[in-house]
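Computed from the coordinates by the stated procedures, all read-outs in this text should not be read as laboratory data. Note that this is a predicted model, so its numbers are computed, not measured. Please note: Cβ atoms are built from the backbone with ideal geometry, for glycine as well, and neighbour counts cover all protein chains shown.
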There are 2 protein chains.
Amino acid sequence: MSMRISMDKQAVQAENQRVAEENRSLFRQNKVTVINLMSSPGAGKTTLLEKTVEQLAGRYKVGVIEGDLATSRDADRIRALGATAVQINTNGGCHLDAHMIAKVLPDFSLSELDYLFIENVGNLVCPATYDLGQHHKVAVLSVPEGNDKIAKYPVMFRHVDLVVLNKVDLLPYLPFDLKQAEEDLQMVHPGAQWLPLSALTGEGFAAWLEWLEQRRQAAVAAQ
Amino acid sequence: MSMRISMDKQAVQAENQRVAEENRSLFRQNKVTVINLMSSPGAGKTTLLEKTVEQLAGRYKVGVIEGDLATSRDADRIRALGATAVQINTNGGCHLDAHMIAKVLPDFSLSELDYLFIENVGNLVCPATYDLGQHHKVAVLSVPEGNDKIAKYPVMFRHVDLVVLNKVDLLPYLPFDLKQAEEDLQMVHPGAQWLPLSALTGEGFAAWLEWLEQRRQAAVAAQ
């Protein structure tokens, strides 16, 4: 039985990849830079997005897809800031897939968007290997989770281009070995980028906006 | 294809349930109280277990099964305190299942154990619905994750007998609405128990030990 499951999983992944490429092609045609944000529950993805939407407002058009098991709380938070936000409820599913994304894309005016952020289900395991068609995968790790998470959840950190270390304002109150975390990241994923910040206080946020700007320029230039 | 997947999932769950009942029967014969601990990555399950092992030492014999995607760091931490700890690496799997537990039970002298703690993979989604044969499922939620996690991950909180709210020593530094979290828990799972504590400072720990003692007495009396 496990063999059959594993074959089905491969078929599911292949079909996901096909739809992800269709999404990617749509994003490319419409010159929209797409970021897939992943983390544990409570690492601060939504707060990071709220601050990002605020900072980009006026200069760029931003859309957000919010993935959750239940509730539309996150999309409500983003909409309150004036951005277009669409909620996907997975009804218990532990990650977003390319089909779910494809289904909600008609809710956006893609040709008008500069950025589309996808906030995945809070989970350091399942979302890692599902391509949604994004340009970049970003993992958010937060200080209270502890510096051992990169070594303990290597699949996620191997699949992302950038690791945002959030909640650095809590470093004075918590044991977190920054040097060890950076070493673990280079072990698990040599060359991966690392960006410490606090979405709450704004510390380190300029570097995150700069990273986004470079990615947008690269995506537009690649048309 | 999705129908076939879903039938396979049901078959997997049924087979898991069969093995879970075998585990449960072994636990009953050996009068060992078994707790399945689940949470997001970094909520503090291992620190809670370290403190629990320390507090129970001398009075009770304790075994620990550590579930992780990779590394044996958690089992090493528990062994350093003198308890028997066995590491299960799921190689990317997002939860433990009853077979994985059955396979490592011969590594313990079950008849000598009073408690067996199972630390599941850090994940608020996948482990919720897999019975391991435990007496009780406990979810650990931590203050930095935010009070909205119960409403956003309802399946997990519906499946547990007790929610430990860990890291209450951080309440002065973080926005966390205790009242809202308790209300959400009663909405999602009426009658569920709620136990705020800090595994770091020891605040609230006596109530956790008392809860464990009552569960042990009930398990022994049920023989």
Quick check: the distance between the Cα centres of segment A:144-223 and segment B:166-193, to the nearest angstrom? 28 Å
Quick one: net charge around residue B:115, please, counting Lys, Arg +1 and Asp, Glu -1 for every other residue with C-beta under 11 Å from its C-beta. +3
Taking a ≥ b ≥ c as the square roots of the eigenvalues of the Cα gyration tensor, with a/c under 1.5 meaning rounded and otherwise prolate when a/b exceeds b/c and oblate if not, segment B:172-223 is oblate
One decimal, nm, shortest first: give the distances between the label point of residue B:173 and those of the same position in the other copies, each label point 7 Å from Cα along Cα→Cβ. 0.5
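In peptide A:90-97, how many Cβ atoms from other protein chains are near each Cβ within 10 Å, on average?
For this peptide, the per-residue mean of nearby foreign Cβ atoms is 3.
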First select every other residue whose beta carbon is under 9 angstrom from the beta carbon of residue B:67; then total the charges, Lys and Arg +1, Asp and Glu -1. -4
At residue A:21, label 7 Å along Cα→Cβ: distances to the other copies, nm, ascending? 4.7
Sorted from fewest to most neighbouring beta carbons within 10 Å, what does the list A:76, A:184 look like? A:76, A:184
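Contact order normalised by length for chain B, with contacts defined as Cα pairs under 8 Å and 6 or more residues apart; what percent is it?
25 percent
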Neighbour-limited loop hits for GluC sites (Glu not before Pro), segment A:136-223 (at most 16 other Cβ within 10 Å; DSSP other than H, G, I, E, B): A:203
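Could you check how many percent of all C-alpha pairs in the protein assembly as shown are farther apart than 37 Å?
Beyond 37 Å sits 25 percent of the P(r) for the protein assembly as shown.
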What list do you get for A:112, A:15 if you sort them by fewest beta carbons within 10 Å? A:112, A:15
Could you line up B:194, B:211 from fewest to most neighbouring Cβ atoms inside 10 Å? B:194, B:211
Counting only other chains, and only Cβ atoms inside 10 Å, what mean value do you get across the residues of B:39-48? 6
Looking along the axis that carries chain B onto chain A, the residue of B whose Cβ comes nearest, with distance in whole Å, is B:144, 2
Put the label 7 Å from Cα along Cα→Cβ for residue A:60; what are its distances to the other copies, in nanometres, shortest first? 5.3
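Can you pull the semi-axes for segment A:24-128, root of five times each eigenvalue of the Cα gyration tensor, sorted largest first, whole Å?
20, 16, 12
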Within the set A:63, A:42, A:92, GNM on chain A using Cα springs under 10 Å gives the largest fluctuation to A:92
What does the structure give for A:143-150 when I average, per residue, the other chain Cβ atoms found within 10 Å of the residue Cβ? 5
Which of B:12, B:64, B:138 moves the most in a Gaussian network model of chain B with Cα springs under 10 Å? B:12
Which value does Rg/Rh take for segment A:102-210 over its C-alpha atoms, Rh per Kirkwood? 1.00
For q = 0.08, 0.11 Å⁻¹, Debye-computed log10 I/I(0) when each Cα of chain A counts as one equal scatterer: -0.27, -0.53
Given the DSSP H assignment, sum -39500 (n - 2.57) over each helix run of at least 4 residues in the protein assembly as shown and divide by its residue total; what's the result at 222 nm in deg cm²/dmol, nearest 500? -12500 deg cm²/dmol
